[in-house]
Amino acid sequence: MRFTFPLMAIGLEVAMIVLFGLFVQYEMDQNVSQQPNSTKSPTVDVDRYLDLYPLFQDVHVMVFAGIGFLMTFLRKYGFSSMGINLLIAALGLQWGTIAQGILQSHGEKFHIEIKNMINADFSTAAVLISFGVVLGKTSPMQMLTMTILEIAVFAVNEYLVVEVFGASDVGASMTIHAFGAYFGLAVAGILYRSSLKEGHRNEESVYHSDLFAMIGTLFLWVFWPSFNSAIADAGKNQYMAIVNTYFSLAASVVTAYACSSLLDSRGKLHMVHIQNATLAGGVAMGTTADMANTPHYAMIIGSIAGVVSVFGFKFLTPFFTTKLRIHDTCGVHNLHGLPGVIGGLASIVFIALETADTSAMAMQAAALGSSIGTALVGGLVTGP
Amino acid sequence: MRFTFPLMAIGLEVAMIVLFGLFVQYEMDQNVSQQPNSTKSPTVDVDRYLDLYPLFQDVHVMVFAGIGFLMTFLRKYGFSSMGINLLIAALGLQWGTIAQGILQSHGEKFHIEIKNMINADFSTAAVLISFGVVLGKTSPMQMLTMTILEIAVFAVNEYLVVEVFGASDVGASMTIHAFGAYFGLAVAGILYRSSLKEGHRNEESVYHSDLFAMIGTLFLWVFWPSFNSAIADAGKNQYMAIVNTYFSLAASVVTAYACSSLLDSRGKLHMVHIQNATLAGGVAMGTTADMANTPHYAMIIGSIAGVVSVFGFKFLTPFFTTKLRIHDTCGVHNLHGLPGVIGGLASIVFIALETADTSAMAMQAAALGSSIGTALVGGLVTGP
Amino acid sequence: MRFTFPLMAIGLEVAMIVLFGLFVQYEMDQNVSQQPNSTKSPTVDVDRYLDLYPLFQDVHVMVFAGIGFLMTFLRKYGFSSMGINLLIAALGLQWGTIAQGILQSHGEKFHIEIKNMINADFSTAAVLISFGVVLGKTSPMQMLTMTILEIAVFAVNEYLVVEVFGASDVGASMTIHAFGAYFGLAVAGILYRSSLKEGHRNEESVYHSDLFAMIGTLFLWVFWPSFNSAIADAGKNQYMAIVNTYFSLAASVVTAYACSSLLDSRGKLHMVHIQNATLAGGVAMGTTADMANTPHYAMIIGSIAGVVSVFGFKFLTPFFTTKLRIHDTCGVHNLHGLPGVIGGLASIVFIALETADTSAMAMQAAALGSSIGTALVGGLVTGP
């Protein structure tokens, strides 16, 4: 038993190296010119690559430092959340590169670009979101298994949403946030033990653990515009995704604070809302980040997300624990689940208002259904 | 009373959404092309936009994470400083976008660009600086009011400095740092209670709160070159602003450490100086960041700022509290007030030495006077 | 005695200002055009400069925030590590600019560019690595002396490696990491006192100090691809250096966790390994970051580095302390020393496998020997 984890980790790393050797290679041809200033068409890719690297780095900070620190708010789980977060993300980005690449290349060798690295980080983000639900209930070894299984399901769902349905989900409200949350909740439903009902002493924050969590909150908050725009089309779409997310987040802060105070009997602000609900505007903006053509639309989405998230923490999380027997350690459903669903619904409403293209609306609905459905099925299968 | 804060916050957010609906729109015309590599003139804006986004993100980290963590050094105010900082900044960036945009467009609808987001972040920075003076003396609701009033005055002063006087203040030593500091000091003068004279137990740092504050210091320190260059003219000016700030900050670290040790009876270094005075070189470099044409000039400015800042903490802050009855919680006057004034004066000296253009010198002096004057008047009006 | 440190610091700052006045100037000529979109050759430099600034900022975060926080894991040395780290880096970047610039210009005046700032930050990184060995054993004044001496030796070794041997070390496995580690170890050998043998109570981590250290780990981890690619040739080489480092780091996380658990009697993970050995893949990838033409090669390097680093912490550090009478406070040898040597050896193996160019192999070996040799001699001279 003592050697199961190390042997499994080393075995997985060896498998990754073999898979990379078989499938992954660099762009070696002429179209990666060394003269980025030339105006000939082949160099468009180089410029595009240089444009994406800062966005990639912002996403990279969010996934590794942002999500990691966000989960340190529980005083006994600081080490688990930091340590296992890094392990999941490091294994996940390798496996995500392979799983997504092979699906897209239909089993052929494929080239790696900065965009693959962004997508690999995205696939690990889904697992880290699920990890927030089951934090404290699983061993490192179980997390290795969950990483492998969840990313496989994630890649299949993403393929369905993007390639089959042709749906739009640039900031991944549905494919990362809703998917990750419902996958985790399904796993947590399987793992439920009655002792979790009362909550336990580990699940308390202390003064400094709440400040560590704010490191996570703030870096996630600041870089979220990059998350929602990283894989958007260059130019106007990317610019709109950035600006919309910036204002959506700002609006969700104001409404989250208002609701936090409103729901407290003495009008106090709660740190768990400040840490989480302020980010709901980023999650909910994901799907429509490059569609919304006026910033006040983004602010309405963000405002709603902030309100829903705080109400979720106050009323839904206790209900889930006591009635549904699903214990959600970090309240992931309120930060990623509900706002992710809002993001998907917002895209349907937006298309209805703008073009009333029923086919596009149906595809967005299919994408939302697929993301939640594959997540629940995947989680129920993974749980045991 | 219990519902005043949430209702006010929601009311303000609704007002922002309405104002954005009336005034703010995206660039929808042809000049935002999707081919960033084309050399035709319309695409200059796209390239410019792509250049500014990394600088914007650096500024964004400074305002939200940097300033927030810098104020956590007081052991009892960690939550207030983090929480209220985020609220002020989120409301402030929306209101700042509107206030600056309407002034510049003379009441017409205006387009939003990354540069507007940088300027919106700048306007919130001024409020956050003032917040450092009054930390622990105000309620969240009072901070909402102060945010609205201060940003209005800020936008007017900025309009005066840039449009009316035609003065230069690329890194905003005068319009953000000096303005924010003196606005806060004026408010603090009004809010003075005699109990503040003795100081109180909340105003102590503990070991870990000092380390949290260093997160703020270091991210501010590292990204300050972006702050001072973000709205500089592209090319040479931006490059000079970056390099000058880099060396000015380095010099202020060395002289701040020297003075910190010099003024301690046993030669020890003080954390409050390490956290604050090391940044004085960035503040003082603001106005002349894109003027100074030799790096050693920047190092002289930075060296002076480091010395002045430490002496301010040692001698001026106690004097302000006991004699002037102005209680400056975070010592903002020593980090933003004095170095901001040095920045303004440096621009006058520099113009005198280089071109002796008396009209330009007068306009810089007017800008400095206006920044301090409007701040004091605005603060005295806001205080009650 | 009380005034030695402040006078020395001020004297050094004055010396830096004089040296900058004599040797350093901005690009004032026509080749820094203000029209970055033009396709004429002079503007290549501008575009190049704009490309490098985001990479510089990533490196800057690593040197100032990353390395600083990484060393806070010892509960009593949080302030020393943060405070002295900032002082060393601020003085070091000024002196590094001068030392490297004068050597390259052969004593003439030289222009400063973003690339000089990256190299200046690199030179301070070497000193900060050495500081990790001697943390807790030296005074701030001794660190000023060490900064000046070590950067001088560093610049000479770098000149030898790059200009004389023509060796390749784009991510500086040899010239920064191995150099810094062995310089520090040589100094520590001189400074050894028998009381260090038993270790002492200061050298313990506590819960929160370990979380602070994780801030350092994560920002180093996330930005390491920028460190290894910042001075690579633009285009393909830079892209390969980024991708290789990304996957090398991921692999070293997985193997480091596996070995950490393997070597613990109850299979537990150790924080010191999570904080340090996870970065070994970045160090070891340095020399071959822009050579390795398949990502799975990078993953093999990273996997080996993770294993070696954990074994070093477990077995070599105690051996160094008790047998060699060299006390390595932060275990720098295991993070920078051994992986740096692996990086150098990897370049020899890689050239042997790819081109079997014996002359190039010899030059890489000479570079590795020179880096370790000058470091040991420099450290032994500096120690007393």
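What does the charge count near B:Tyr297 come to, summing +1 for each Lys or Arg and -1 for each Asp or Glu among other residues with Cβ under 15 Å from its Cβ? Computed value for this residue: -3. The phi torsions of segment C:248-261, fed into the Karplus equation with coefficients 6.51, -1.76 and 1.60 and a -60° offset, translate into couplings of 4, 4, 4, 5, 5, 4, 5, 6, 5, 4, 4, 5, 4, 5 Hz, rounded to whole numbers, with Gly and Pro shown as x.
Residues C:Asp357, C:Asp121, B:Asp233, C:Asp290, sorted by accessible area with the largest first, give B:Asp233, C:Asp357, C:Asp290, C:Asp121 [1.4 Å probe; ligands and nucleic acids excluded]. When the P(r) is computed for segment A:67-170, the part past 16 Å accounts for 57% of the Cα-Cα pairs. In the assembled protein chains, A:Phe131 presents an accessible area of approximately 10 Å² (probe radius 1.4 Å). What separates the Cα centres of segment A:263-297 and segment A:119-160 is a distance of 24 Å. Label segment A:113-230 by shape, choosing from rounded, prolate and oblate, from the square roots a ≥ b ≥ c of the eigenvalues of the Cα gyration tensor; if a/c is under 1.5 it is rounded, and otherwise prolate applies when a/b is larger than b/c, oblate when it is not. Oblate shape, in that a/c is at least 1.5 and b/c is the bigger or equal ratio. Per residue of A:89-98, other chain Cβ atoms within 10 Å of the residue Cβ number 4 on average.
Net charge of the neighbourhood of C:Leu91, taken over other residues with C-beta under 15 Å away and scored Lys/Arg +1, Asp/Glu -1, is -3.
Ligands, DNA and RNA excluded, the heavy atoms of B:Phe319 present near 90 Å² of accessible surface to a 1.4 Å solvent probe. What separates the Cα centres of segment A:369-384 and segment A:60-89 is a distance of 23 Å. Heavy-atom accessible area with a 1.4 Å probe sorts A:Lys76, C:Lys115, largest first, into A:Lys76, C:Lys115. Counting heavy atoms of the protein chains alone, A:Asp58 has an accessible area of about 20 Å² for a 1.4 Å probe. Across segment C:243-307, Cα pairs under 8 Å and at least six residues apart give a relative contact order of 54 percent. Across chain B, C-alpha contacts under 8 Å between residues 6 or more apart give a mean separation that, scaled by the residue count, equals a relative contact order of 22 percent.
Label-point spacing for A:Thr355 across the identical copies (point 7 Å from Cα in the Cβ direction), in nm and ascending order: 5.2, 5.2. Of B:Lys268/C:Lys76; B:Lys76/B:Lys314; B:Lys76/B:Lys323, which sit over 19 Å apart, Cα to Cα? Where the Cα-Cα span goes over 19 Å, the pairs concerned are B:Lys76/B:Lys314; B:Lys76/B:Lys323. Each other copy places its own label point for A:Asp51 at 1.6, 1.6 nm from this one, sorted shortest first, where the point lies 7 Å along the Cα-to-beta carbon line. Inter-chain neighbour count for C:78-86: the average number of beta-carbon atoms from partner chains within 10 Å of each residue's beta-carbon is 6. The charge dipole of the protein assembly as shown, taken about the Cα centre with unit charges on the Cβ atoms of Lys, Arg (+1) and Asp, Glu (-1), comes to about 4140 debye, rounded to the nearest 20. Shape class for chain C: oblate, because the ratio a/c of the largest to smallest gyration tensor axis (alpha-carbon atoms, square roots of eigenvalues) is 1.5 or more and b/c is at least a/b. Within 10 Å of the Cβ of each residue in C:111-121, the mean number of Cβ atoms contributed by other protein chains is 2. Taken over the protein assembly as shown, the percentage of Cα pairs per 20 Å bin, counting from 0 up to the bin with the maximum distance, is 13, 46, 36, 5, 0.
Each Lys or Arg adds one and each Asp or Glu subtracts one; over the other residues with Cβ under 12 Å from the Cβ of B:Leu263, this totals +3. Its relative contact order, with pairs defined as Cα atoms under 8 Å and 6+ residues apart, puts segment B:129-247 at 29 percent. Which of rounded, prolate, oblate describes segment B:237-384, given a ≥ b ≥ c as roots of the alpha-carbon gyration tensor eigenvalues and a/c under 1.5 marking rounded, otherwise prolate only if a/b is larger than b/c? Here segment B:237-384 falls in the oblate category. Distances between copies at B:Gly21, taken between label points 7 Å from Cα along the C-beta direction, are 6.3, 6.3 nm in increasing order. Ordered by solvent-accessible area of protein heavy atoms (1.4 Å probe), largest first, the residues C:Arg266, A:Arg75 come out as C:Arg266, A:Arg75.
The values are calculated or read from the model by the stated rules, or taken from the named source; none is laboratory data. For clarity, every value in this text was computed on a predicted model and none was experimentally measured. With ideal geometry, Cβ positions are generated from the backbone for all residues, glycine too; neighbour counts draw on all protein chains shown. Quick note on the areas: whole protein, heavy atoms, side chains included, nothing else; ligands and nucleic acids left out. Shrake-Rupley method; radii C 1.70, N 1.55, O 1.52, S 1.80 Å.
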